[in-house]
Structures are given as structure tokens and as C-alpha cells.
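Throughout, read-outs are computed from the coordinates displayed, never taken from laboratory work. Here the structure is a predicted model, which means the values were calculated and not measured. No Cβ is skipped: glycine too gets one built from the backbone with ideal geometry, and neighbour counts run over all protein chains shown.
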Amino acid sequence: MYPVIRLIKEFVKFRNAPDLGLTDTHVSTHRCWPWDIDLWMELNNGRTLTLYDLSRLPLAKRAGLIRALNDNKWGLTMAGASVRYRRRVRMFQKVEIRSRAVCWDDKFLYLEQSMWSKGEATSHILYRAAVTDKNGIVPTAKIVEAVAPGAETPDVPDWIAAWIDAEARRPWPPF
């Protein structure tokens, strides 16, 4: 079940936080509770993605994206993700999540998030997000104009460009 109470807590916690620019970083803290763990008493990989959700949505609010979504009757969807797990997060351990939009192309926004505990990165994820309307994907130029008129389009880092290329080569439909 989706942790709606935790999501509400995040929006309440950051209700008076200053606005962020499109590529600024949102930082939040979370705790690994007993209902977040797997059989090995550590943060479940699926719940890791949910904790990333709980940090990404306040980022969207602080950057003005949620307001633009509501004003234009747009939706937000994830079109791809690549996650790297490196350190275990144990029950009751506190983590910090850093979330930011890195860049965008004509169709997609590329977001990265990292989870930190005790000064070490535990995981990192790259998302490809799309804004949609009744006609399909909304061009990012239109989104940027609605959220931050005149904002410069950042260069796509090499590692993200390589991921985009790898995703383009991936067979679809799958086996």
C-alpha cells in the first residue's frame, strides 16, 4: 500500500520551504521503518523507490511543476529508470535523499536522486519523466515555459546521454 500519510507529512514539512529553480536540489530525510524492510531486515528495493517518490514530489512542488500540471491539466509519468544499489539501509536507519532535475530533451525530463546514510551513498537512481496531456507527451519546451520562463536548457551529461542511447537500443517489446 502506498504510504499516503508519509507523503502528506512531506508536503506539510516543506509547505513553507523556499521555491527551487528547475535544477536545484531538494533534500529530505526519512527513516527505514519495520514495514519498509525485506526478509534480510534491510530496506526493500521496492520501498526504496517509494521513498524516492516521497522526496521527488515535494521537489516538483517547490520547483513549480505541480502548479503547472494543475493549471494545464497535465499528468506526470515515469518513462524509465535505472537504479544502482551500493549500501544496505537497516531498520530504523535514517537516510537523506537528494533530488534534482539534471537536464531535459525535447520529450523527457531527466531526474536523479541519491540516498545517503552516515556520509555514504546507499543508492542512486536516474529517472526519465514525461508530462502528458490528452494528446500524449507535452514538449519540454512548453513545460519549461510554464514553470520557469526563459530558463536555459542544461547540457545533457555524458553518462545520461549514454543511458539514453542504451535505452534506444533496448528491444521492445521485450521477450
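Can you tell me which of (1) surrounded by 14 or more Cβ atoms within 10 Å (Cβ to Cβ); (2) small (Gly, Ala, Ser); (3) assigned to a loop (DSSP other than H, G, I, E, B) is the one residue 123 doesn't meet? Among (1) surrounded by 14 or more Cβ atoms within 10 Å (Cβ to Cβ); (2) small (Gly, Ala, Ser); (3) assigned to a loop (DSSP other than H, G, I, E, B), the lone unmet condition for residue 123 is (3). Within the stretch 161-175, residues that are under 15 Å from residue 79 (Cβ atoms) have Cβ atoms under 9 Å from residues that are assigned to a loop (DSSP other than H, G, I, E, B) and not small (Gly, Ala, Ser) in these pairs: 164/105; 164/108; 164/156, counting only partners at least 6 apart in sequence or on another chain. Selection of first residues in the stretch 62-83 that are closer than 18 Å to residue 125 by Cβ and of second residues that are basic (Lys, Arg), restricted to Cβ pairs under 8 Å at least 6 apart or on distinct chains, gives the following pairs, ordered by first then second residue: 78/128; 79/128; 80/128; 81/128. Of the residues screened, residue 112 is one that is without any contact (Cβ under 8 Å) to a residue 24 or more places away in the chain and either of a type in the set (Asp, Glu) or closer than 23 Å to residue 148 by Cα (or both). Only one of (1) aliphatic (A, V, I, L, M); (2) out of contact with any Cys (no Cβ under 8 Å at 6 or more places or on another chain); (3) surrounded by fewer than 18 Cβ atoms within 10 Å (Cβ to Cβ) is not met by residue 129, so which one is it? All conditions are met except number (3). The set of residues in the stretch 153-175 that are closer than 12 Å to residue 105 by Cα and either exposed (fewer than 11 other Cβ atoms within 10 Å of the Cβ) or in contact with a helix residue (DSSP H, G or I) (Cβ under 8 Å, 6 or more places away or on another chain) (or both) comprises 153, 155, 156.
If we scan the stretch 86-97, do we find a residue that is among the aliphatic types (A, V, I, L, M), surrounded by fewer than 17 Cβ atoms within 10 Å (Cβ to Cβ), under 15 Å from the mean Cα position of the chain (by Cα) and in a strand (DSSP E or B)? No, the stretch 86-97 has no match at all. Among the residues of the stretch 65-80, are any over 25 Å from residue 134 (Cβ atoms) and of a type in the set (Gly, Ala, Ser)? No, the stretch 65-80 has no match at all.
Scanning the stretch 118-148 for residues that are among the β-branched types (Val, Ile, Thr) and farther than 24 Å from residue 48 by Cβ yields 131, 132, 137, 138, 140, 143, 144, 147.
Before we move on, is residue 132 farther than 24 Å from residue 63 by Cβ, within 18 Å of the chain's Cα centre (by Cα) and either part of a loop (DSSP other than H, G, I, E, B) or not small (Gly, Ala, Ser) (or both)?
Here the answer is no, as residue 132 does not meet what is asked.
Identify all residues within the stretch 135-152 that are assigned to a helix (DSSP H, G or I), surrounded by 13 or more Cβ atoms within 10 Å (Cβ to Cβ), hydrophobic (A, V, I, L, M, F, W, C) and over 18 Å from the mean Cα position of the chain (by Cα); write none if there are none. Please lay out each step first, then the result.
In the first step, residues of the stretch 135-152 are kept if they are assigned to a helix (DSSP H, G or I); the result is 140-147.
Among the residues that remain, those that are also surrounded by 13 or more Cβ atoms within 10 Å (Cβ to Cβ) are: 140, 142-147.
Still in the running and hydrophobic (A, V, I, L, M, F, W, C): 143-144, 146-147.
If the condition is that a residue be assigned to a helix (DSSP H, G or I), surrounded by 13 or more Cβ atoms within 10 Å (Cβ to Cβ), hydrophobic (A, V, I, L, M, F, W, C) and over 18 Å from the mean Cα position of the chain (by Cα), then 146 is the only one that fits.
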